[in-house]
1. By how many degrees, between 0 and 90 and to the nearest 10, does the Cα long axis of helix 35-48 differ from the longest principal axis of the chain?
2. Which entries of Lys2/Lys45; Lys2/Lys78; Lys23/Lys78; Lys3/Lys45 have Cα-Cα distances beyond 26 Å here?
3. Out of these labelled values of Cα extents along the principal axes in Å, [x] 62, 37, 23; [y] 43, 33, 25; [z] 76, 20, 18, which was calculated from the coordinates shown here?
4. Name the most mobile residue of Ile33, Ile62, Ile79, meaning the one with the largest mean-square fluctuation, in a Gaussian network model of the chain with Cα contacts below 10 Å.
5. Round to the nearest 0.05 the FRET efficiency obtained for Lys17 and Ala63 when R0 = 25 Å and r is the Cβ-Cβ distance.
6. Measure nothing fancy, just the Cα-based angle from helix 17-28's long axis to the longest principal axis of the chain, in degrees from 0 to 90, nearest 10.
7. Normalised by the residues of the chain, what does the relative contact order come to in percent, with Cα pairs under 8 Å and at least six apart?
8. Which of Gln88, Gln65, Gln74 ends up with the largest GNM mean-square fluctuation for the chain, with Cα atoms connected below 10 Å?
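Computed from the coordinates by the stated procedures, all read-outs in this text should not be read as laboratory data. In this text the structure is predicted, and so the values were computed from the model without any measurement. All Cβ positions, glycine included, derive from the backbone under ideal geometry; neighbour counts span all protein chains shown.
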Amino acid sequence: MKKDYIIAVDGPSGAGKSTVSQKLAERLGYLYIDTGAMYRAAALKAMRAGLDLDNGSALEKIAGQLEIELVKNQDGLKIMLDGEDVSQAIRGPDMGMAA
């Protein structure tokens with residue numbers, strides 16, 4: 001029976017987690033998933049909806065309505081939120097803090 005593996009990489013901001021993870025995934029033939037981008041996309045949707053980011057129940061409700069796609073392209077991953085490419089919009093320092 002084949003086992004599927006999940007490799008999680010954690011560490012401080014700017015440590016190179018994404019770079020190492022992408023290279024490792026490519027070398028092993030695994031799918032790279034940028035969970036940080038997913039959190040940032042969720043924060044972007046909440047901010048656009050005018051939600052208080054400290055309101056857990058409101059965030060939980062909107063989280064159930066998220067449509068996030070990670071699309072591999074020549075540059076790495078394109079982050080789609082509700083059909084919109086938000087790859088650049090989620091990368092600012094404000095989005096990092098909101099996530």
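1. The angle comes out near 20 degrees.
2. Values: Lys2/Lys45 38 Å; Lys2/Lys78 30 Å; Lys23/Lys78 17 Å; Lys3/Lys45 35 Å.
Lys2/Lys45; Lys2/Lys78; Lys3/Lys45, as the Cα separations exceed 26 Å there.
3. [y]
4. Of Ile33, Ile62, Ile79, the most mobile in the Gaussian network model is Ile62.
5. Numbers: r = 23 Å, r/R0 = 0.92.
Working from the Cβ atoms, E equals 0.65.
6. Computed tilt is about 40 degrees.
7. Details: 79 pairs, mean separation 22.3, N = 99.
The normalised contact order for the chain reaches 22 percent.
8. Gln74
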